[in-house]
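Below is one structure; the comments refer to it alone.
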């Protein structure tokens, strides 16, 4: 009986894989509609008017929460979920602003994710409201680390297929992108919090916290000036407004 149940379960998994492989690349309005209805029941939370363009790959949808009016352009990759790398993580960067679970991807409302962007949330990623990620942005909250600081004599690799897993090392770094942030073309975010109302210029590398209302650039990115000339009352209101989380 157990064997029959396993066969039936595997059959439905196969059907689901076939359906997903069909709708992922279906173009036009019909494709976007089908992808929305398919993923809406798989996401942890999903709002209204979410448009998923063709070629978008989503791994671990049950760990992903999405608000309203969110657009994913073509060929994005979203990865979320619990990692199984306990013995291979050699460095953890704390982020006090990230209060969700490790492995969760939380996306607010009014967010636009540009074409060919990657959001890897195995370490945890929070994206607030009205955020823009321009084409080619990469966000990695868990990535390979070039050395094992406790064992500096060990040569490490970035390939989990290496037989000696002691030689594969990772760093966990939860990432927070607050409301009204715009991250421009081909940026790479590997850690920290990008404060509200900030703009990160093209091809910048974000490793550390960026203050609110920053115009930031460089490798690593640093604030060069204010993005907006805000009145004090508005600054106080924005700095005290609560972060968005889907309940």
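Springs join every pair of Cα atoms under 10 Å in this Gaussian network model of the chain, and among 169, 141, 117 the largest mean-square fluctuation is at 169.
The rule of thumb for compact globular proteins, 2.2 N^0.38 Å, goes into the C-alpha radius of gyration of the chain 1.09 times. In this entry, region 56-175 is assigned a mean projected area of 7.8 nm², taken as a quarter of its C-alpha convex hull surface.
Label positions at residue 74 and residue 87, each projected 7 Å from the Cα along the C-beta direction, are separated by 4.4 nm.
Placing pseudo-labels 7 Å out from each Cα toward the beta carbon at residue 230 and residue 48 gives an inter-label distance of 2.8 nm.
Taking the centroid of alpha carbons for each part, region 98-164 and region 12-48 are 24 Å apart.
Expressed as a whole percent, the proportion of Cα-Cα pairs in region 3-118 lying more than 23 Å apart is 38%.
Per 0.36 nm of contour for each residue apart, how much would the distance between residue 205 and residue 143 grow if the chain were fully extended, relative to their Cα-Cα spacing? Write down the numbers at each step before the final one.
Details: separation 62, 0.36 × 62 = 22.32 nm, distance 1.45 nm.
That pair, residue 205 and residue 143, stretches by 20.9 nm at full extension.
Once the chain from residue 18 to residue 219 is taken as fully extended at 0.36 nm per residue, the excess over their C-alpha distance is 68.1 nm. In the chain, helices alone account for a calculated mean residue ellipticity at 222 nm of -6000 deg cm²/dmol, with every DSSP H run of four or more residues adding -39,500 (n - 2.57). Among 227, 20, the order by Cβ neighbours within 10 angstrom, fewest to most, reads 20, 227.
Calculated FRET efficiency, residue 159 and residue 29, Cβ-Cβ r, R0 35 Å, to nearest 0.05?
Taking R0 as 35 Å, the efficiency between residue 159 and residue 29 is 0.30.
Coordinate-derived values only; no laboratory data. Note that this is a predicted model, so its numbers are computed, not measured. Cβ: placed from backbone, ideal geometry, glycine included. Neighbour counts: every protein chain shown.
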